[in-house]
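*Asks:* Once you've had a glance at the structure underneath, I'll fire off some questions.
Derivation of every value follows stated rules applied to the coordinates shown; laboratory data play no part. Note that this is a predicted model, so its numbers are computed, not measured. When we count neighbours, we look across all protein chains shown, and the Cβ atoms used for this are built from the backbone with ideal geometry, even at glycine.
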Amino acid sequence: MVERYISNNDKIVAAYYGGSIARNDSDIFSDMDLRIVIDSQTKKDKLLCEFIDLFENKIFIEDKSNNFSVFHLDDLFKIDVFVYYKDELTPSIWLNNIDIIKDTDDFLSQIKTHSNKPVTISPERIVYVRNKYISYLIETYKREEREEYYYLNYSINMMANIICYLWYLDTGKEPNNLGDWSKYQGTRSKLDSYRLKILNDVLAKDYFEQRATLNKEFISVLVNMDKKHKINKTKESKELISIITEKFHNI
C-alpha cells in the first residue's frame, strides 16, 4: 500500500526507506523508517496527514509535527515518516545505504552516491565523546552517594553506550547517535563476540566493578585509535579518570 501510494502520487518526487529495511536486516519487530520528498508547491503537513489517513488500522499517533510523524498500527508495527523538500536533503553518511522507492529525476541516486564516504575520525570527535564519558563517570559517583540509583544506572548505561560508539569507530563503522542502542546488541550487532560478552557481563557486576570494567575498555579502545589514527588522547584520558576516581574514593 505504501509503495503504491508513493508511486501513484505526482506530488511525491522521491522516497526511500532507511534503517533496517534499507539494510535488509529487518525482522517482525522492526519499524518502517520512511522518507518522502515532495514538490515545492505541496504543503508538508497536508501530504503527511493524507499519508497517515491511509492506515485505518492505526491505534495511536505517538508524535506529529508539520513534517514528521510516528504512529503505531494495531499489529504494533511502528511507522516513522519524514517529509522533505529536495533542497533540504544533502549527502550524508546516513544516506549511503538507503533503499530508494521512487526517484523521478535520479535526485536520490546522486545523493546516495555522494554519501558513500569513509567514516570520519578526528581528535575533535573523540574528545567530544571522551568528555561525555568522563562527565557520566563523575555522575555515577555523585548519584551513588545520593542513593539516586535510577540516575546512577542511566549514567553507567551511557558510559557503556559511548564505549560502543568508540568500538564502532574503531572498526570503521559509523555508530549511532549517543544514547541510541539500536544494533549494538543482538543478532544485528557488528561487534565481535568478545565485546558483546563485555556488554553482557557488565550488567551482572556491582557499581564498583562496572566502573572498573568500563574504564578499562574505554582506555583500551582509545589506545587502538591512537595507534590507527594518531588521536593521542589516551594519556590525558587516563589522567582524568585517575583524578576522578581518587577524588571520590577519598570522600
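*Asks:* Taking the alpha-carbon distance from Lys205 and a cut-off under 17 Å, which aspartates and glutamates remain once sequence neighbours fewer than 8 residues away in the same chain are dropped?
*Replies:* Glu144, Glu217
*Asks:* To continue, here is another question. What is the Cα centroid distance between the range 149-163 and the range 182-217, reported in whole angstrom?
*Replies:* Using only Cα atoms, the two centres lie 12 Å from each other.
*Asks:* Here's a follow-up. Calculate, in nm to one decimal, what Ser7 and Ala204 gain on full extension: separation in residues at 0.36 nm each, minus their alpha carbon distance.
*Replies:* 65.9 nm
*Asks:* Specify the angular offset, from 0 to 90 degrees and rounded to the nearest 10, of the alpha carbon long axis of helix 207-229 from the longest principal axis of the alpha carbons in the chain.
*Replies:* 70 degrees
*Asks:* What trypsin sites (Lys or Arg not before Pro) in the range 1-41 are in a loop by DSSP, with at most 16 other Cβ atoms within 10 Å of the Cβ?
*Replies:* The qualifying sites are Lys11.
*Asks:* Which length gain, in nm to one decimal place, applies between Trp181 and Tyr85 when the Cα-Cα distance is subtracted from 0.36 nm times their residue separation?
*Replies:* Taking Trp181 through Tyr85 to full extension adds about 31.6 nm, to one decimal.
*Asks:* I want to check a number: in the range 57-130, how many lysine pairs have alpha carbons closer than 28 Å, given a sequence separation of 8 or more or different chains?
*Replies:* For the range 57-130, the number of qualifying lysine pairs is 14.
*Asks:* Taking the convex hull of the alpha carbon atoms in the range 1-137, what volume per residue do you get, in Å³?
*Replies:* Here the figure is 154 Å³ per residue.
*Asks:* Using DSSP to call loops (not H, G, I, E or B), can you name the trypsin sites (Lys or Arg not before Pro) in the range 123-188 whose Cβ has at most 11 other Cβ atoms within 10 angstrom?
*Replies:* Arg146
*Asks:* Still on this structure: Using the structure shown, select from Lys11/Lys190; Lys190/Lys247; Lys173/Lys238 the pairs with a Cα to Cα distance greater than 32 angstrom.
*Replies:* Violating the 32 Å Cα-Cα cut-off are Lys11/Lys190; Lys190/Lys247.
*Asks:* Turning to a different aspect of this structure: Rounded to whole Å and ordered largest first, report the semi-axes of the equivalent ellipsoid of the chain derived from its Cα gyration tensor (root of 5λ).
*Replies:* With the √(5λ) rule applied to the chain, the semi-axes are 41, 22, 16 Å.
*Asks:* Further question on the same structure: Kirkwood Rh, the range 116-251, all Cα pairs: how many Å?
*Replies:* Taking every pair of different Cα atoms in the range 116-251, averaging 1/r and inverting gives 15.4 Å.
*Asks:* Starting from the range 99-204, pick out the GluC sites (Glu not before Pro) whose DSSP state is loop and whose Cβ has at most 15 other Cβ atoms within 10 Å.
*Replies:* Here the sparse-neighbourhood loop sites are Glu147, Glu148.
*Asks:* Roughly what % of Cα-Cα distances in the range 186-251 sit above 16 Å, to the whole percent?
*Replies:* 58 percent
*Asks:* Right, something else. Can you give the Rg/Rh ratio of the range 70-185, where Rg is from the C-alpha atoms and Rh is the Kirkwood radius?
*Replies:* When Rh is taken as the Kirkwood radius, the ratio is 1.09.
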